[in-house]
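Undergrad: Please find one structure pasted underneath; my questions will follow.
The values are calculated or read from the model by the stated rules, or taken from the named source; none is laboratory data. Everything numeric in this text was worked out from a predicted model, so none of it was measured. Note that we place each Cβ from the backbone using ideal geometry, even for glycine, and neighbour counts take in every protein chain shown. The protein model used for the area step is the full one, side chains on, heavy atoms only, and it has no ligands, DNA or RNA in it. Shrake-Rupley method; radii C 1.70, N 1.55, O 1.52, S 1.80 Å.
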Amino acid sequence: MAKTQAMDAGRILSVGEVAKRSGVPVSTIHFYESKGLIKATRNAGNHRQYQAIVLRYIAIIRVAQRTGLSLEEIGETLSSIQAGSKLTASEWKDISIKWKENLNNRIRSLERLRDELDSCIGCGCLSLKDCPLRNPEDELAKEGPGARILERP
Ligand code: FES
């Protein structure tokens, strides 16, 4: 079993094989590569080839995206490890601790938003007096662009 895993880790895959195994479209794999999240080499025929470890990286990227992290944030974290290297337990622990903190912040933010929007659901009044979404005189524009109430941490 361990011998099989060791052989698998050194296996070279085509982009089609990576797509099939990871369940991610070829275009997404190319996109991840263009963002520097994964690395490919070229074979003699100039076709992309990937080390099997790329499957782990793609799984990590997909999980991180599901927690709401941007590709930029994911790339920033992954840049702290050697590209294409086998993740050590220590590296994965550091990454998961960092992302857990981000996930907890997002959960708190969503819970706060849910609680604040309780009175708005099904209402639609946008009352300047009572609605938590009110923004008299566009005061929140001073904080920057975007939906300041809905997007605040
Ligand atoms: S929309 Fe009516 S309270 Fe917010």
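Undergrad: Determine, from the Cβ-Cβ distance of ARG152 and ILE97 and an R0 of 22 Å, the FRET efficiency 1/(1 + (r/R0)^6), rounded to the nearest 0.05.
TA: The calculated FRET efficiency here is 0.35.
Undergrad: Another question about this same structure. Helix-only estimate, please: 222 nm mean residue ellipticity of the chain, summing -39500 (n - 2.57) across DSSP H runs of length 4 or more and dividing by its residues, to the nearest 500.
TA: One gets -16000 deg cm²/dmol as the mean residue ellipticity at 222 nm.
Undergrad: Moving on. What does the charge add up to near ASN102, with Lys and Arg as +1, Asp and Glu as -1, over the other residues with Cβ less than 14 Å from its Cβ?
TA: 0
Undergrad: Counting other Cβ atoms within 10 Å, which trypsin sites (Lys or Arg not before Pro) in the stretch 83-153 have at most 10 and lie in a DSSP loop?
TA: LYS129
Undergrad: Efficiency by 1/(1 + (r/R0)^6): what FRET value for ARG112 and SER80, r their Cβ-Cβ distance, R0 = 35 Å, to the nearest 0.05?
TA: The computed FRET efficiency comes out at 0.70.
Undergrad: Just to check I understand the Karplus step: with θ = phi - 60° and J = 6.51 cos²θ - 1.76 cosθ + 1.60, what whole-Hz values come out for the stretch 62-75, glycine and proline as x?
TA: These are the phi-based 3J(HN,Hα) values: 5, 5, 4, 5, 5, 7, x, 6, 7, 4, 5, 5, 5, x Hz.
Undergrad: Okay, next question. Taking Cα pairs under 8 Å and at least six residues apart, what relative contact order does the stretch 18-153 come out at, in percent?
TA: Across the stretch 18-153, relative contact order equals 16 percent.
Undergrad: When N counts the residues of the chain, how does its alpha-carbon radius of gyration compare numerically with 2.2 N^0.38 Å, as a ratio?
TA: Cα Rg divided by the expected 2.2 N^0.38 Å: 1.45.
Undergrad: What number comes out for accessible area per residue over the chain if the probe is 1.4 Å? Units Å², please.
TA: Each residue of the chain exposes 70 Å² on average to a 1.4 Å probe.
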